[in-house]
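In what follows, a structure is listed as structure tokens, so that the remarks can point back to it.
The values are calculated or read from the model by the stated rules, or taken from the named source; none is laboratory data. Here the structure is a predicted model, which is why all the values come from computation and not from measurement. Cβ: placed from backbone, ideal geometry, glycine included. Neighbour counts: every protein chain shown. The protein model used for the area step is the full one, side chains on, heavy atoms only, and it has no ligands, DNA or RNA in it. Shrake-Rupley method; radii C 1.70, N 1.55, O 1.52, S 1.80 Å.
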Amino acid sequence: MKICVLPGDGIGREIVTQALRVLEKVGGKYGRTFETEEALLGGCAIDATGVPLPEETVAKCQASDAVLLGAVGGPKWDALDPAIRPEKGLLGIRKALGLFANLRPATLLPQLADACYLRPDIVARGLDVMVVRELTGGIYFGEPRFDGMKDGERFGLNTMAYYEHEIRRIARIAFEAARKRSGRVCSVDKANVLDVSRVWREVVIDEHKNYADVELSHLYVDNAAMQLVRDPSQFDVIVTGNLFGDILSDEAAAITGSIGMLPSASLGESNPGLYEPIHGSAPDIAGQDKANPLATILSVSMMLRHAFDMAEEADCVENAVKQALEQGYRTGDIMQPGRKAVGCAAMADAVLANI
Ligand code: IPM
Ligand code: MG
């Protein structure tokens, strides 16, 4: 199994280093070997080559079975021309690999119930949401786009656009995911205002005809944002477009206690999938051994499950994470009184000890 590793910027390298230790340990336990190769993405790529996504990186990713990504971006590159900002590298690799489906599971581990922001009676109802976010279309990529002057003043423009085939394929991913879960999909749009959302809803309803066993509901995005904090237990799978999915997945993550806990998988039709924590590069704590490596370690678990069909190995990693939390180990973002405060490497040590 060949894995292309993109540590990226900020805390990216620390968390990826720890996640790879876990991968190696679980591989050793089950007699699996993983070959890894590094490539540049984001700010570090800009520094080394002048662009956030060098062609060599795309080639290395395409030649691998899966891609593991840390995080990209930081204040150092904020003032750059938007065309070569680190984030462009991330969007570019998603597009280049055709990764149209972004799976972002937000679960509240019982061990972390005390770190959850919601009222205990809401937490008690449970929280296990899978956000299925469209990742290569919508307003992130729509044309025309513009940043400049018009009629003597500054003018900016982006376009939210979806073709039927883009909606159909992400809807299918959501319905398939729901079949393996509680069988419910909520499609989120803004069909009361946006034309693109009316097309979205119409196509989702039509595709649903092939999944009569799955229950389909619809919410406007503003209502969905509210329902997520009011009663997240009502959700199973949420399927939505690129921008709404970006926003709702951060919200879903944060209410579980910490954005430092949640993994993601970005999948396409045939190319290697990309596995990454949903949090950013956290430049404020970079290089200080403070970052929570669990989201990246859990992304490795998603990689084992989805890319390599290694369910047992994936379960082993997930259980080791739960054990480490059970034993009281906490990085700063999930620290609670009476727990054992650890840094990035020591948290990974705790996971390793449970494999
Ligand atoms: C995410 C991030 C990215 C996005 C940024 C860094 C481009 O927020 O993966 O959610 O908006 O998709
Ligand atoms: Mg985001």
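For the chain, the antiparallel share of DSSP beta bridges with both residues in that region comes to about 40%. Distance between the pseudo-spin-label points of ASP121 and THR49 (7 Å out from Cα toward the beta carbon): 5.6 nm.
Taking label points 7 Å from Cα along the Cα-to-Cβ direction, LYS2 and THR33 give a separation of 1.5 nm.
Placing a label point 7 Å from the Cα of PHE155 along the Cα-to-Cβ direction, the residues of the range 129-143 whose backbone N falls under 17 Å of that point are 143.
Using a Gaussian network model of the chain whose springs link C-alpha atoms within less than 10 Å, name the residue from HIS218, HIS165, HIS279 with the highest mean-square fluctuation. Of the options given, HIS165 has the highest mean-square fluctuation.
In this view, the solvent-accessible surface of CYS316, computed with a 1.4 Å probe and all protein chains in place, comes to about 20 Å². For the range 23-126, the residue among ILE122, LEU103, THR49 whose Cα projects farthest onto the positive side of the dipole built from Cβ charges is ILE122. Between GLU24 and ARG179, the distance separating the two model label sites (each 7 Å from Cα on the Cα→Cβ line) works out to 4.0 nm. Highest mobility in the GNM of the chain, judged by mean-square fluctuation with C-alpha springs under 10 Å and restricted to SER249, SER266, SER197, is found for SER197. Stretching GLU164 away from SER217 to a fully extended chain increases their span by 17.2 nm, per 0.36 nm per residue minus the current alpha-carbon distance.
Long hydrophobic helices in the chain, taken as whole DSSP H segments with a C-alpha length of 24 Å or more on their own axis and mean Kyte-Doolittle hydropathy at least 1.0, are absent. Which percent of the accessible area of the range 56-120 is formed by carbon and sulfur heavy atoms (probe 1.4 angstrom)? Whole-percent figure for carbon plus sulfur exposure: 59. Mean sequence separation of contacting Cα pairs (under 8 Å, at least six apart), scaled by the length of the chain, corresponds to a relative contact order of 22 percent.
For the chain, modelled as a GNM whose springs connect Cα atoms under 10 angstrom apart, the maximal fluctuation among TYR220, TYR30, TYR162 occurs at TYR30.
Computed over protein heavy atoms with a 1.4 Å probe, the carbon and sulfur contribution to the accessible area of the range 222-335 reaches 48%. For a label point 7 angstrom out from the Cα of ASP231 toward its Cβ, which stretches of the range 106-130 have the backbone nitrogen within less than 12 Å? Under 12 Å, as judged by backbone N against the label point of ASP231, lie 122, 125 of the range 106-130.
The residues of the range 52-132 have, on average, 42 Å² of accessible surface per residue, using a 1.4 Å probe with all protein chains present. In loop segments of the range 266-355 as defined by DSSP, the chymotrypsin sites (Phe, Trp or Tyr not before Pro) with at most 16 further C-beta atoms inside 10 Å of their C-beta are PHE308. Report summary: the helix-based calculation at 222 nm, which adds -39500 (n - 2.57) for every DSSP H run with n ≥ 4 and divides by the residues of the chain, gives -12500 deg cm²/dmol.
Between the C-alpha center of the range 97-111 and that of the range 193-213 there is a gap of 22 Å.
Of the residues ALA161, THR136, ALA171, the one whose Cα sits farthest towards the positive end of the charge dipole of the range 117-255 is ALA171 (charges of +1 on Lys and Arg Cβ, -1 on Asp and Glu Cβ, taken about the Cα centre). Relative contact order of the range 117-255, taken over Cα pairs closer than 8 Å and 6 or more residues apart, is 37 percent. For the range 117-255, a crude dipole built from +1 on the beta carbon of Lys and Arg and -1 on the beta carbon of Asp and Glu, taken about the Cα centre, is about 300 debye to the nearest 20.
Over 24 Å apart at the Cα level, from the set LYS180/LYS322; LYS290/LYS340; LYS29/LYS340; LYS2/LYS76, are LYS29/LYS340; LYS2/LYS76.
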